[in-house]
Structures are given as C-alpha cells and as structure tokens.
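These notes concern the structure reproduced below.
The values are calculated or read from the model by the stated rules, or taken from the named source; none is laboratory data. In this text, all values refer to a predicted model and were calculated from it rather than measured experimentally. As a convention, Cβ positions derive from the backbone with ideal geometry for all residues, glycine included, and neighbour counts pool all protein chains shown.
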C-alpha cells in the first residue's frame, strides 16, 4: 500500500470513527436526559454543547481542505 493510499484510508477511518463516536455520545446524553426528566433548557444546553463539539470537528476538516487547496 502506497503512503498516499494509506493516508486516504486513515483519514476515512478517522472520520467514520468520529461520526460513530458522536452518535454514541448523542444517544448516551439523550438516554440520561430522558431518564432524569431534565427541563427543556437543560436539554438545550446539553445538546448545544454536544453539537458545538461536533461542529468543531467538521470545521477543522473544512479548514484543512481550504489549506490543502491553497498549498499551505
């Protein structure tokens, strides 16, 4: 396997793993919030924090794409 192919496979595996990890965290948070009868404001904050964390990883990927396109 060439280094370029290995890097591509590694990137795809990392992205899939992060999606699965955030999905599992979402289900865990949803289950805890549902069992403890948390008010809507608390749910909003919990899902907001989880969403911002996922958004950070997405933005990191977008910024990397822009930097790679410009050759930085």
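Here are 68, 1: which of them is loosely packed, with under 10 Cβ neighbours inside 10 Å, at pLDDT below 95, out of contact with any helix residue (DSSP H, G or I) (no Cβ under 6 Å at 6 or more places or on another chain) and assigned to a helix (DSSP H, G or I)?
68 is the lone residue from the list that is loosely packed, with under 10 Cβ neighbours inside 10 Å, at pLDDT below 95, out of contact with any helix residue (DSSP H, G or I) (no Cβ under 6 Å at 6 or more places or on another chain) and assigned to a helix (DSSP H, G or I).
For segment 20-50, name all the residues that are surrounded by 12 or more Cβ atoms within 10 Å (Cβ to Cβ), in a helix (DSSP H, G or I) and touching a helix residue (DSSP H, G or I) at 6+ places or on another chain (Cβ under 9 Å).
Correct list: 22, 25, 26, 29, 30, 33, 42, 43, 46, 47, 50.
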